[in-house]
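Each remark here refers to the structure printed beneath this line.
The values are calculated or read from the model by the stated rules, or taken from the named source; none is laboratory data. In this text, all values refer to a predicted model and were calculated from it rather than measured experimentally. Glycine gets a Cβ as well: all are built from the backbone with ideal geometry, and neighbour counts include every protein chain shown.
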Amino acid sequence: MRVLAVDDEQPALDELLYLLRAEPAVTELHGAADATGALRILRAHGADAVFLDINMPGLDGMELAGVLAEFVNPPAIVFVTAHEDHAVAAFDLGAVDYLLKPVRRQRLAAAVRRIAERRARTEPDPGSEPGGSHEVIPVELGGVTTLVHRSQVNWVEAEGDYARLHTDTGSHLVRIPLSALQERWRDDFLRVHRSYLVALGRVTGLRTVGSGTLVCLRGAQRVELPVSRRQVRELKQRLVHGPHPSPDRR
């Protein structure tokens, strides 16, 4: 079982990781100090379960759980907190368990067992991995973290070792190379040019200009991007034959 523990207090996080490491069912374990770090780890490694503190700066545990609930197959959530007054809201969010600090080994073992039993009753769906359409990209600007859903991205532009995500509401610079997004989003995006990755579900057509080709994208503003010659044929094939799962977001 892949487990992620999230707590902004380092001693509490260390204790939680220590207890989880002793559980035989836990085969992969990661820790994060905040929601942004948690989402990065989920993108890179995925998780079957998240043990989550509630009171954290920035995006708190309840808000992060709401984001995770939008995954096609969300990870199991276990809240770990010093406060009893969030229990009702936690279970409304579908939490598997609610552990009070200081966490007792027996209670944590029971939570892990409950998650393992639930996983045994359900078939995993590859669409729940971070590469699925519900993937969330944390974008940091001036100390504020904005969550951009992959399904909101119309096209991506390379900027050195960074990539700029273009959505209907603006653009966001992230420290992810375009080549990494090309591989991760290959099901419903296509790299049409060394500088551009486009959402196939946003393409409205192709336009020939001189000896070159432009791909037309719908959105808040009409956008036309160049297509390299060697990518024209693949783009046409993908548009005709799919996969083409992105929703029509007018």
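Looking at the stretch 227-241, I want the residues that are crowded, with 16+ Cβ neighbours inside 10 Å and assigned to a helix (DSSP H, G or I) and have a partner that is at pLDDT below 90 and aromatic (Phe, Trp, Tyr) with Cβ atoms under 7 Å, at least 6 apart or on another chain. Which pairs are those?
From the stretch 227-241, no pairs qualify.
Of the numbered conditions (1) assigned to a loop (DSSP other than H, G, I, E, B); (2) among the hydrophobic types (A, V, I, L, M, F, W, C); (3) buried (at least 17 other Cβ atoms within 10 Å of the Cβ), residue 50 satisfies every one except a single condition; which is it?
Going through the list (1) assigned to a loop (DSSP other than H, G, I, E, B); (2) among the hydrophobic types (A, V, I, L, M, F, W, C); (3) buried (at least 17 other Cβ atoms within 10 Å of the Cβ), residue 50 breaks only (1).
Residue pairs, Cβ under 8 Å, 6 or more apart or interchain, first in the stretch 171-187 and in contact (Cβ under 8 Å) with a residue 12 or more places away in the chain and within 19 Å of residue 147 (Cα to Cα), second surrounded by 15 or more Cβ atoms within 10 Å (Cβ to Cβ) and of a type in the set (Phe, Trp, Tyr). List them.
If the second residue must be surrounded by 15 or more Cβ atoms within 10 Å (Cβ to Cβ) and of a type in the set (Phe, Trp, Tyr), the pairs left are 181/189.
Does the stretch 66-116 hold any residues that are of a type in the set (Phe, Trp, Tyr) and touching a His at 6+ places or on another chain (Cβ under 9 Å), and which are they?
71, 79, 98 - these are the residues of the stretch 66-116 that are of a type in the set (Phe, Trp, Tyr) and touching a His at 6+ places or on another chain (Cβ under 9 Å).
Just name the residue that is nearest to residue 16 (Cα to Cα) out of those in the stretch 82-106 that are crowded, with 16+ Cβ neighbours inside 10 Å and over 24 Å from the mean Cα position of the chain (by Cα).
103
Select from the stretch 79-102 the residues that are part of a helix (DSSP H, G or I) and under 16 Å from residue 66 (Cβ atoms) and list them in ascending order.
Across the stretch 79-102, the qualifying residues are 88, 89, 90, 91, 92.
Taking only the stretch 16-49 into account, find how many residues are farther than 17 Å from residue 110 by Cβ and either acidic (Asp, Glu) or in contact (Cβ under 8 Å) with a residue 40 or more places away in the chain (or both).
Final tally of qualifying residues: 12.
Have a look at 20, 68 and point out the one that is at pLDDT 95 or above and surrounded by 20 or more Cβ atoms within 10 Å (Cβ to Cβ).
Exactly one of 20, 68 is at pLDDT 95 or above and surrounded by 20 or more Cβ atoms within 10 Å (Cβ to Cβ), namely 20.
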